[in-house]
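These notes concern the structure reproduced below.
The values are calculated or read from the model by the stated rules, or taken from the named source; none is laboratory data. What you see is a predicted model, and the numbers here were worked out from it, not measured in a lab. All Cβ positions, glycine included, derive from the backbone under ideal geometry; neighbour counts span all protein chains shown.
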Amino acid sequence: MSATVTPPTVRTRRWPVVADGQYEGTRIPSRVPTVLDVPPELRDSEDVLQVNFGPNHPSTHGVLRLIVDLHGEEVVGVSAVVGYLHTGFEKSMESKTYWKDVTFPERIDYVGYQNNELVFVLAVERLLELEVPTKAKWMRMLLCELNRIQSHLVFLGTSALELGAISMFWYCFRERETILDLFELVTGQRMHTRYFQVGGLAEDIPQGFFGECRKFVEWMPRALDDYRDILDRNEIWLERTQGIGVLSAHDAIALGQSGPNLRASGVDWDLRRDQPYLHYEKVDFRVPVYPNGDVYDRYRVRMDEMAESTKIVRQCLDKLERMEGMPWIADDRKVVLPPREELHTSMESLIHHFKIVTEGFRVPEGEIYVAVESPRGESGCYLVSDGGPKPWRIHVRAPSFVALEATATCLHRALVADLIAVVGSLDAVMGDTDR
Amino acid sequence: MSDWQRVPGYVSHREGPEMPTVTVETERIREACAYSRDELGFDVCVDVVATDYLGWGGKGVSGYIGTATGRDLMHPMTQGLQALPELKPKRFSVSYHLLGLRQGAPRARLQCWVDEGEPVPSVVSVWPTCDWHEREQYDLMGIVFDGHPNLERLLMPEDWEGHPLRKDYPIGGEPVRFTDEE
């Protein structure tokens, strides 16, 4: 077998592309797609310096390690080393019942936790063919969109901080704090909420949540204006982001990119619109697409997404406020825990409760792959069940994992100072990458 | 349906709740992937995942457990299954989840089957994104991808022994690396 990889040929495009004119042909490295090799003429040069970057340098996002070859200030070679945060989530989940597994996916992508929780719960529900009450679907959407805003705020705050805009960090974390307070109000936890159950929600929406959430929805557009005022006419920010880390639409698709990184490269693709789950087909929102594929466009896509998510949250609130008293979890006693008050009076409820908690509910045999649009892109869950109460195999398709594969392509002829901007703009969460 | 039969190395296919599963001969998986990309319009390979079916269905059926020597009263009843699951052709399955970026978001799962030590042709030349996906499955499941340009461990340390996601890999214990006797 030959050990060379032929670069993908440029084919007629079928996907919805806004623009693909950033560069001709492909920039994906030809030997290994994820490793940028030092060019042959520099290979023996004494001017090339190999520098280890990470795994715990404060300005890398988490424990990412990059081995960078520098020729002066230019990056001539790079390879990413991941796995420092590998915790074996997939193996651990195989040894727990579905009921207990819900806590694991949240800790995989610890910034976009609600979305990861959602994709696991959806996969189990699809195998069970369990219908979820409409109120639960709207509430899941609302929390997922709040979580998307929160995740983009972390991205914006930290990536601006890395380029020296320290005030952005404080502004972003001010709004993030409000969102975490809202999560605490609903679920009792600021992060890793475990609020989604197989079948619906863990508890009803508490009193006072709608009012607090409305206040946030009214405030958020003004906060976004603040961010734009700080960054959009800031000469340093523009110079350090525009035209940096360019990725063409063709290369982005070949590298499997998804979510904001794909949309910033000019591909008009969003699972919420193109493969609707929950009630996304019933809400009105726009999918922001920008054509240049640079760091600046990845920032702009996420800024616009925060505004769109705020719109979705408002529409969810309108629906949910009229659903007072409606069920929030499916009425299937073989899967869903019985109401607490019934345990004192009903023997059947007590038996069901005992069986679900000790043994777990059984999921019919089958394999399934379910994907949702998480803040980082397509987050998928592949689930194999043998008909027992524990999953046979779980695999999480991590968008951060795939985003980091594009590092070598984005860093084509980059300068060392751009390295941080580019890696930050791909918005990889290392927990998600390493699982 | 006829579309799938034209996939190189077609063995069988089954409709599923979210996407069809197309089983392909292992040796021709690369051709099948290239065909799916160029002719069937699946632009992206979103994921490559291997599953270990060692001991699949081994828990047996709960309730009355009949054995050759009579009724097995010692079998833990609630741990069994309600029905025996469908048998699998080989130990490992390797699934490629494909996605077409167009109206309706068509998806498909190409699947091939291998036994311990059998190589699977690498599809990195078809989709560069499979580079890390295949390395991850090699690392955690021990599937060897033939023709991969850089088949090394990705998540575990380079000198790690064994493949943690296999069913015969022990959970909860690991060899002690440094002892006083050394």
key: So B:Pro119, is it of a type outside the set (Asp, Glu), more than 8 Å from chain A (Cβ to nearest Cβ) and within 18 Å of the chain's Cα centre (by Cα)   = yes
Qualifying residue in region B:45-67 (condition: at pLDDT 85 or above, surrounded by fewer than 20 Cβ atoms within 10 Å (Cβ to Cβ) and over 16 Å from the mean Cα position of the chain (by Cα)) = no
request  = Output the residues belonging to region A:297-334 that are within 21 Å of the chain's Cα centre (by Cα) and aromatic (Phe, Trp, Tyr).
outcome  = A:Tyr299
task = Please work out which residue is surrounded by the most Cβ atoms within 10 Å (Cβ to Cβ), limiting yourself to region A:344-396 and to residues that are part of a loop (DSSP other than H, G, I, E, B) and touching a strand residue (DSSP E or B) at 6+ places or on another chain (Cβ under 7 Å).
result = A:Val363
task = Find the residue count for region A:82-101, including only residues that are more than 9 Å from chain B (Cβ to nearest Cβ) and out of contact with any Asp or Glu (no Cβ under 7 Å at 6 or more places or on another chain).
result = 8
ask   = Limited to region B:19-39, what total is found for residues that are in a loop (DSSP other than H, G, I, E, B) and surrounded by fewer than 16 Cβ atoms within 10 Å (Cβ to Cβ)?
value = 2
Conditions (1) of a type in the set (Val, Ile, Thr); (2) modelled with pLDDT of 90 or more; (3) out of contact with any helix residue (DSSP H, G or I) (no Cβ under 8 Å at 6 or more places or on another chain): number failed by B:Val144 = (3)
Residue among A:Ser167, A:Ser258, A:Ser151 that is under 21 Å from the mean Cα position of the chain (by Cα) and either outside any helix (DSSP H, G or I) or surrounded by fewer than 23 Cβ atoms within 10 Å (Cβ to Cβ) (or both) = A:Ser258
task = Determine whether region A:172-182 contains at least one residue that is touching a Lys or Arg at 6+ places or on another chain (Cβ under 9 Å), touching a residue at least 12 places away in the same chain (Cβ under 8 Å), in the same structural domain as A:Glu239 (by TED's automatic domain parsing) and not in a helix (DSSP H, G or I).
result = no
request  = Residue by residue through region A:367-394, note down the ones that are at the interface with chain B (Cβ under 9 Å from one of its Cβ atoms), within 18 Å of A:Asp434 (Cβ to Cβ) and hydroxyl-bearing (Ser, Thr, Tyr).
outcome  = A:Tyr382
ask   = Is region A:411-428 home to any residue that is within 13 Å of chain B (Cβ to nearest Cβ), in contact (Cβ under 8 Å) with a residue 24 or more places away in the chain and either within 23 Å of A:Cys144 (Cβ to Cβ) or in a loop (DSSP other than H, G, I, E, B) (or both)?
value = yes
request  = Considering (1) modelled with pLDDT of 90 or more; (2) crowded, with 18+ Cβ neighbours inside 10 Å; (3) in contact with a Phe, Trp or Tyr (Cβ under 8 Å, 6 or more places away or on another chain), say which one A:Leu231 fails and leave the rest.
outcome  = (1)
query = If A:Ser79 satisfies every condition in (1) part of a strand (DSSP E or B); (2) away from every other protein chain (no Cβ under 14 Å); (3) among the small types (Gly, Ala, Ser) but one, which is the exception?
reply = (2)
request  = Collect the residues in region A:316-343 that are part of a helix (DSSP H, G or I) and in contact (Cβ under 8 Å) with a residue 40 or more places away in the chain, keeping them in residue-number order.
outcome  = A:Cys316, A:Leu317, A:Lys319, A:Leu320
note = Among residues of region B:87-109 being at pLDDT below 90 and of a type in the set (Gly, Ala, Ser), the residue nearest to the chain's Cα centre (by Cα) is B:Gly100
